[in-house]
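Participant: Mind looking over this structure? Questions follow.
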Amino acid sequence: MSLYLDTTGNSTYGIALCARCSRKYPMGELYSDPNSPALMVCKEDLDVLDPYRLAARTGENIVLPFVRPDTNIATNPSGLMTQDDDSFITTDDGEGYIVP
């Protein structure tokens, strides 16, 4: 085992330590860890990106183009209510008559 790292031919002559295994490497051989970007680690200690650490997806905007009003629009099959809600108009005999 050599006492020093030979960094000839690299872009820098700097030597750095891996944040996980604490071995010496030339600076060009250390990579930013995908899960913890502040850690510079060697190729052997590089993690796979964990998708649960990603930001949450934005919610979908689901709005119907035609919205029904919140008022009750159900009708009684034997008749209809009048506007003042005091009388009931029945149409079962063909002649509409008002029942108070």
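The values are calculated or read from the model by the stated rules, or taken from the named source; none is laboratory data. Remember, it's a predicted structure, so these values are computed and weren't measured experimentally. Don't worry about glycine lacking a Cβ; one is built from the backbone with ideal geometry, like all the others, and counts go over all protein chains shown.
Participant: Could you check region 17-44 and list, in sequence order, the residues that are among the small types (Gly, Ala, Ser), closer than 16 Å to Leu5 by Cβ and not in a helix (DSSP H, G or I)? Before the answer, list the steps.
Facilitator: Filtering region 17-44 down to residues among the small types (Gly, Ala, Ser) leaves 19, 22, 28, 32, 36, 38.
Right, trim to closer than 16 Å to Leu5 by Cβ and you get 22, 28.
Correct list: Ser22 only.
Participant: What number of residues in region 24-80 are at pLDDT 90 or above and β-branched (Val, Ile, Thr)?
Facilitator: Counting residues in region 24-80 that are at pLDDT 90 or above and β-branched (Val, Ile, Thr) gives 2.
Participant: Kindly evaluate Tyr52 against the criterion of being among the aromatic types (Phe, Trp, Tyr), loosely packed, with under 14 Cβ neighbours inside 10 Å and in a loop (DSSP other than H, G, I, E, B). Outline the logic, then answer.
Facilitator: On the way: among the aromatic types (Phe, Trp, Tyr): yes; loosely packed, with under 14 Cβ neighbours inside 10 Å: yes; in a loop (DSSP other than H, G, I, E, B): no.
Considered against the rule, which asks whether it is among the aromatic types (Phe, Trp, Tyr), loosely packed, with under 14 Cβ neighbours inside 10 Å and in a loop (DSSP other than H, G, I, E, B), Tyr52 comes out as no.
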